[in-house]
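The structure under discussion appears below in the form of structure tokens.
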Amino acid sequence: MNGLDVPSTIAELTALHRRVRGMFLERRRQRAAGEPTRLQEFTLLTIRERGALQVSELVSLLDISPATASQLLSTMEDRGWLAREILATDRRRHRVALTEAGEETVLQMERRRQERFARLLAGLSTMEREQLVILARRVVEVLSEMPEVSREVL
């Protein structure tokens, strides 16, 4: 692969994106019962990172409808991952926080992610791992200079 022009690079990356997406979809089909879905994982990670959140904040951060949020949070609460509390300042509003079970689920997710990264990186040479990190940093740098990317999915 020498000297790819921009259209050829786009075509190559699009093909790779399709393959990786297919792998993720297959992983989703193989998800064990009781494991969080991708949206549930993202929700757990968001609450862990930001702390307890009002439902309206979560709706905005996740870019989902209030109805979807209600269903999502009810399922996660039923699984014991989240607890809802009514705000003392406004009894119509709720805040959600991780429970101990939610914290443990996040730790399990992180362990699984570390294991997947370890398996992936084991297949690369030291030089390839260094190149991967350098290129990933550069991509993040370029993306950070593109304000329109903040709401887009590549």
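Every number in this text was worked out from the coordinates using simple rules, so none of it is lab data. In this text the structure is predicted, and so the values were computed from the model without any measurement. Every residue, glycine as well, gets a Cβ built from its backbone with ideal geometry; the counts of neighbours run over all protein chains shown.
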Interchain or sequence-distant (5+) residues whose placed amide H lies within less than 5 Å of the amide H of LEU82 are GLU77, THR99
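I need the peptides 38-45, 63-70, 50-57 ranked by packing, meaning the mean over residues of other C-beta atoms within 10 angstrom, with the highest value on top. Show your work: numbers first, answer last.
Values: 38-45: 16.9, 63-70: 12.4, 50-57: 14.1.
Ranking the peptides 38-45, 63-70, 50-57 by packing returns 38-45, 50-57, 63-70.
Divide by every residue of the chain the summed helix terms, -39500 (n - 2.57) for each DSSP H run of at least 4, and state the resulting mean residue ellipticity at 222 nm, rounded to the nearest 500 deg cm²/dmol.
Values: 6 runs with 100 residues, N = 154.
Mean residue ellipticity, 222 nm, calculated: -21500 deg cm²/dmol.
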Helix 38-50 sits at what angle to the longest principal axis of the chain, using alpha carbons and giving 0 to 90 degrees rounded to 10? 70 degrees
Whole-Hz ³J(HN,Hα) for each residue in region 102-107, computed from phi via Karplus 6.51 cos²θ - 1.76 cosθ + 1.60 with θ = phi - 60°, x for glycine and proline: what do you get? x, 4, 5, 4, 4, 4
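Summing +1 for each Lys or Arg and -1 for each Asp or Glu, what net charge is found among the other residues whose Cβ lies under 13 Å from the Cβ of TRP81?
On the way: positive: ARG48, ARG79, ARG84; negative: GLU35, GLU41, GLU77, ASP78, GLU100, GLU103, GLU104.
Here the charged neighbours net out to -4.
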Degrees separating the helix 126-144 axis from the principal Cα axis of the chain, which is the longest one: 60 degrees
